[in-house]
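Structure, as structure tokens:
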Amino acid sequence: GRSRRRRRGPGALATAYLVIYNVVMTAGWLVIAVGLVRAYLAKGSYHSLYYSIEKPLKFFQTGALLEILHCALGIVPSSVVLTAFQVMSRVFLTWAVTHSVKEVQTEDSVLLFVVAWTITEIIRYSFYTFSLLNHLPYLIKWARYTLFIVLYPMGVSGELLTIYAALPFVRQSGLYSISLPNKYNFSFDYYTFLILVMISYIPIFPQLYFHMLHQRRKVLSHTEEHRKSE
Amino acid sequence: MHQRQKLRTSEHRSDLAAHGGALSMSHNDSRSFFNFSQLVLSAGQIKPSPALKHSKITYFEVEILDVQSKKQICIVDKVPPASTLLDVKHKFHKACPQWYPSRVGLQLERNGPFLKDSINIQSLAVSSIITLYFTDLGQQVGWTTFFLTEYTGPLLIYLLFYIRLSTIYDQVESRKNFRHPVVHLACFCHCLHYIRHLLETLFVHKFSEGHTPLKNMIKGCAFYWGFTSWIAYYINHPRYTPPSFGHRQVSYAALAFLMCEAGNHFINVALAHQTNSGSKTCFPSPTYNPFTWLFLLVSCPNYTYEAGSWISFTVMTQTLPAGIFAFLMVIQMSLWAKKKHKLYLKRFYPEVRRKAAMIPIIF
């Protein structure tokens with residue numbers, strides 16, 4: 001009884017806040033998309049487009065950290081751990097890899113994951129906005145649960161290639177690494193850490209991918225049944 | 001006249017009862033015989049003998065369904081009303097040998113709580129057939145096995161690092177460097193801690209019959225063994241840096257460590273004695289032993305002492321990984337202490353009210 005009441009969903013104030021948040025995020029990622037297109041048209045090539053959208057990308061991807069707070073407060077019915085994991089991996093790539101290792105910013109793999117993230121996030125945030133307003137067009141729902149089939153592998157490839165490209169520079173500069181001896185008897189090798197991160201994609205990516213495929217079957221077939229019954 | 005006869009019959013009945021049912025033929029043989037015949041004819045009014053009662057015992061049947069598919073797995077029949085859920089689980093195990101009793105989770109409703117082994121079957125019954133839902137709780141492991149495995153690992157792993165295996169450390173460096181005494185002391189303290197835990201598991205603690213899923217054991221072992229490896233690697237490294245404040249820091253921290261170990265041991269002994277004497281009706285009281293005086297301030301002093309041990313160990317070795325481990329242990333033990341404190345508040349309200357859960361005064 002009591003637990004059911006708590007899960008009924010966010011109150012009116014929380015819903016209003018969430019709508020504003022999702023609209024702002026959708027707008028932000030649209031800005032990034034437009035920025036990419038304009039830069040491409042201006043430059044004539046798709047190389048080194050990162051610099052034209054660097055600031056909005058950092059701002060809006062970091063803004064996604066608020067979503068962890070939303071889950072913790074209970075106004076969004078997702079698992080805190082899962083959301084934290086997803087957002088932190090994005091923030092890690094944005095700041096600890098792309099921003100920190102300047103040599104990697106001219107790589108094409110950066111464009112690969114930025115494009116994947118942009119399209120995914122525009123659809124995702126508009127999906128949440130419309131869901132909160134209870135007016136979800138089927139197109140958005142379809143897009144969210146279908147386009148990931150291409151975008152997800154595209155994003156993962158871009159991320160892995162970027163990390164791989166950053167490795168030699170990290171090794172050379174000893175970025176974020178501490179070695180023995182030191183007062184607190186601690187050592188950290190960022191190079192090894194990045195390799196471990198790349199390896200961790202192997203078990204995690206298929207699980208998430210098949211989970212999304214499973215969700216797709218559930219959500220889209222359910223909608224079709226609804227339509228048929230109407 | 002009929003009434004008078006009845007009265008006499010009842011008097012005679014009580015007479016017969018007084019004489020153990022033995023017929024005593026008085027001088028009035030015919031009258032007593034008449035009374036006796038009345039007695040026999042009115043036998044229906046006497047309480048039925050035990051022999052007749054047997055056929056009226058209601059046996060229960062327990063139908064066991066799978067919780068997800070709702071399909072019937074088996075029916076356990078001829079369950080006497082006085083049996084407990086554990087007896088049913090044993091019978092179920094005979095019918096389906098792959099599920100031994102500690103692995104079986106039985107619920108009354110699909111989303112209800114798991115029923116305890118000690119529950120009487122009669123208290124569950126609405127009719128003579130009881131329906132229970134079965135969940136496979138997974139491979140189970142006894143508490144003793146659990147703790148023995150969890151504590152033996154760190155003991156051996158630390159020693160592996162201490163002897164400086166050539167695969168872990170560079171051999172040239174290892175042979176060159178002089179080892180600060182704190183490294184040996186740290187090894188001694190670490191081993192002391194885990195040997196004490198192992199001995200207490202074997203000889204002091206009295207575990208309830210329960211079991212725990214194998215998954216929990218693997219998670220616990222991964223945590224303890226992983227962190228021990230990480231800590232041991234740095235302390236026994238050829239490039240280890242001794243504590244900044246030198247011998248004073250080491251000696252004070254070592255002293256604190258030993259005191260916390262002793263305290264933890266005495267608290268565990270006191271708790272085990274309490275379980276032994278069966279007097280779980282009152283909160284454990286401090287004895288002449290000064291280490292048990294923490295019972296006056298705190299409801300879970302064993303966690304306090306354990307936290308103290310790890311913090312002293314960190315200060316003694318001045319190693320960040322040990323600090324991280326101590327931090328995580330303190331968090332974990334605070335959660336356990338809070339739970340236990342709530343339980344104590346319910347059970348022993350007046351005594352425990354002014355006590356903290358783990359850290360005196362603060363928490």
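The values are calculated or read from the model by the stated rules, or taken from the named source; none is laboratory data. Computed from a prediction, not measured in an experiment: that's the story for all the values here. Glycine gets a Cβ as well: all are built from the backbone with ideal geometry, and neighbour counts include every protein chain shown. In case anyone asks, the SASA skips ligands and DNA or RNA and just uses the protein heavy atoms, side chains included. Shrake-Rupley method; radii C 1.70, N 1.55, O 1.52, S 1.80 Å.
Total Å² of accessible surface buried at the A-B contact, 1.4 Å probe, nearest 100?
Details: alone 14180 and 21900 Å², together 35160 Å².
So the buried area, both faces added, is about 900 Å².
At a 1.4 Å probe radius, carbon and sulfur cover how many percent of the accessible area of region B:216-294?
Details: 2850 of 4150 Å².
Answer for region B:216-294 is 69 percent, counting heavy atoms of protein chains only.
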* Express the carbon and sulfur contribution to the solvent-accessible surface of chain A as a percent, rounded to the nearest whole number, probe 1.4 angstrom. => 67 percent
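Kirkwood hydrodynamic radius for chain B: how many Å is it when counted over pairs of different Cα atoms?
Working: mean 1/r = 0.0375 Å⁻¹.
Its Kirkwood hydrodynamic radius stands at 26.6 Å.
Considering only protein heavy atoms, what per residue accessible area in square angstrom results for chain B with a 1.4 angstrom probe?
Values: 21470 Å² over 363 residues.
Per-residue accessible area for chain B comes out at 59 Å².
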* Structure fact -> Of A:Gln172, A:Gln105, A:Gln86, the most mobile residue in a GNM of chain A (C-alpha springs, cutoff 10 Å) is A:Gln172
* **For chain B, built as a Gaussian network whose Cα springs stay under 10 Å, the top-fluctuating residue of B:Gln107, B:Gln139, B:Gln98** => B:Gln98
* Structure fact -> Buried by partner chains in region B:236-264 (accessible area down by at least 30 Å² vs chain alone, 1.4 Å probe, heavy atoms, protein only) are B:Arg239, B:Thr241
* Asked: Sorted from largest down, what three extents in whole angstroms do the Cα atoms of region B:265-310 have along their principal axes?
  -> 32, 16, 16
* To do: Report the antiparallel proportion of the DSSP beta bridges in chain B as a percent, rounded to a multiple of 5.
  => 65 percent
* Go through region B:273-321 and flag every residue whose accessible area shrinks by 20 Å² or more with all protein chains in place compared to the isolated chain (probe 1.4 Å). => B:Gln318, B:Leu320
* Whole-angstrom gap from region B:147-218 to region A:44-97, using each part's C-alpha centre -> 41 Å
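How much FRET efficiency would the formula 1/(1 + (r/R0)^6) give for A:Lys58 and B:Asp136, where r is the Cβ-Cβ distance and R0 is 35 Å, rounded to 0.05? Don't skip to the end; give the middle numbers.
Numbers: r = 49 Å, r/R0 = 1.39.
Using R0 = 35 Å, I get an efficiency of 0.10.
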* Greater than 20 Å apart at Cα, pairs in B:Lys91/B:Lys116; B:Lys94/B:Lys215; B:Lys70/B:Lys215; B:Lys89/B:Lys116 -> B:Lys94/B:Lys215; B:Lys70/B:Lys215
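Carbon and sulfur atoms: what percent of the 1.4 Å accessible area of region B:80-195 do they account for? Each step should come with its number before you reach the end.
Values: 3870 of 6170 Å².
Carbon plus sulfur share of accessible area: 63 percent.
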* Please check which bits of region A:34-55 a label hung off A:Glu103 would reach, taking the label as a point 7 Å along Cα-to-C-beta and the cut-off as backbone N under 20 Å. => A:48-51
* Those residues of region A:174-210 for which accessible area with every protein chain present is at least 50 Å² below the isolated value (1.4 Å probe) -> A:Leu180, A:Lys183, A:Tyr184, A:Asn185, A:Phe186
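Determine the alpha carbon to alpha carbon distance for each of B:Lys219/B:Lys340; B:Lys206/B:Lys339; A:Lys43/A:Lys141; B:Lys78/B:Lys206; A:Lys58/A:Lys218 and list only those over 28 Å.
Numbers: B:Lys219/B:Lys340 22 Å; B:Lys206/B:Lys339 20 Å; A:Lys43/A:Lys141 34 Å; B:Lys78/B:Lys206 35 Å; A:Lys58/A:Lys218 34 Å.
Check vs 28 Å cut-off fails for A:Lys43/A:Lys141; B:Lys78/B:Lys206; A:Lys58/A:Lys218.
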* What shape does the protein assembly as shown have by the C-alpha gyration tensor, where a ≥ b ≥ c are the square roots of the eigenvalues, rounded means a/c under 1.5, and otherwise prolate means a/b greater than b/c and oblate the rest? -> oblate
